[in-house]
Amino acid sequence: MKQYYVVLRSVLRSRPDLRRCLSRCRHCRIFFLTHPRNAGRSNLQCPFGCREAHRKQRSTERSVAYYTTAEGKAKKQMQNGKRVRSGVRADANPPVNGALEFHAGMVGYVAMVASLIEGRRVSEEEIFRMLVRVMRQHSMARRRRMDYVVAQLHKHGP
Ligand SMILES: [Zn+2]
């Protein structure tokens, strides 16, 4: 968290024009950069989970409201029946990217901030590729460390 604010401060020091984009999450009070079109709004939520949680809650409320109507109830019953018959649960879809999963909201946020800082459009695709690269480097470094530890153990072992 401290590191996050160090980065945020240094970004704002080098790009004072982005200071107007500085927002504070109305939920968890963390500071973050928002898109210039939202600059100055005080009811924003951070992209580190609060926005996502809020969206989820809204959609739950919507579906609860829908399923309490008669039409919704009938449909829900049909869906439940179908689900039992085929034995497939709606949330049983495995993650597509296997071990490399990133919070979609986070990737979007990083892409937006990178675009602001670099003054060009940085796509989520580009950020995703960069994250994958960084993660690979991390796991490579970890493996090298492990190899070293194992080698040391062999050298000094019985
Ligand atoms: Zn928040």
_Criterion: touching a residue at least 40 places away in the same chain (Cβ under 8 Å), outside any loop (DSSP other than H, G, I, E, B) and either more than 16 Å from the ligand (Cβ to nearest atom) or buried (at least 16 other Cβ atoms within 10 Å of the Cβ) (or both) - qualifying residue of 12, 8, 18_ = 18
_Can you tell me which condition residue 58 does not meet? The list is (1) surrounded by 12 or more Cβ atoms within 10 Å (Cβ to Cβ); (2) under 24 Å from residue 107 (Cβ atoms); (3) among the basic types (Lys, Arg); (4) more than 12 Å from the ligand (Cβ to nearest atom), and all the others hold._
(1)
*Restricting to region 32-42, what's the tally of residues that are more than 10 Å from the ligand (Cβ to nearest atom) and either open to solvent by less than 80 Å² (accessible area, probe 1.4 Å) or among the hydrophobic types (A, V, I, L, M, F, W, C) (or both)?*
7
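The values are calculated or read from the model by the stated rules, or taken from the named source; none is laboratory data. Source: prediction; values computed, not measured. A quick note on method: Cβ atoms are made from the backbone with ideal geometry, for glycine too, and the neighbour counts reach across all protein chains shown. Surface accessibility is based on the protein's heavy atoms, side chains included, excluding ligands, DNA and RNA. Shrake-Rupley method; radii C 1.70, N 1.55, O 1.52, S 1.80 Å.
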